[in-house]
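Okay, structure first, notes after.
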C-alpha cells in the first residue's frame, strides 16, 4: 500500500471540516479531498507545512507508511 494519508483522523481530532481546512491552507476543496481520500500521488512540502500549521500537528500525524505485508494481512479474517 505504501504511504497512507490520515488527514481525516487529524481533522476529526481538531474538529475541523474540509472546507475550513481548505480555507486556512489556501488549497482547493477538490485537491484537499483527493489528499484526504488517499488518491494523491504527491504532496508539496509547502502544502504539508500549511496543513500541519492549521491542524497544529506533525507530518507523521498525517502520513503513515504501511508495508505490503501489513495491508495484505488487514483483509484476512480469522
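The values are calculated or read from the model by the stated rules, or taken from the named source; none is laboratory data. Bear in mind that the values here come from a model prediction, so they are computed numbers and not experimental data. With ideal geometry, Cβ positions are generated from the backbone for all residues, glycine too; neighbour counts draw on all protein chains shown.
Table for the structure above
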item: Residue that is surrounded by the most Cβ atoms within 10 Å (Cβ to Cβ) [pool: residues in the stretch 26-44 that are in a helix (DSSP H, G or I) and more than 13 Å from the chain's Cα centre (by Cα)]; result: 29
item: Long-range neighbours under 6 Å by Cβ, at least six apart or interchain, first residue free of Cβ contacts under 8 Å to residues at least 60 places away in the same chain within the stretch 19-34, second surrounded by fewer than 17 Cβ atoms within 10 Å (Cβ to Cβ) and not in a helix (DSSP H, G or I); result: 34/40
item: Counted residues, the stretch 45-72 - those being at pLDDT below 95 and in a helix (DSSP H, G or I); result: 5
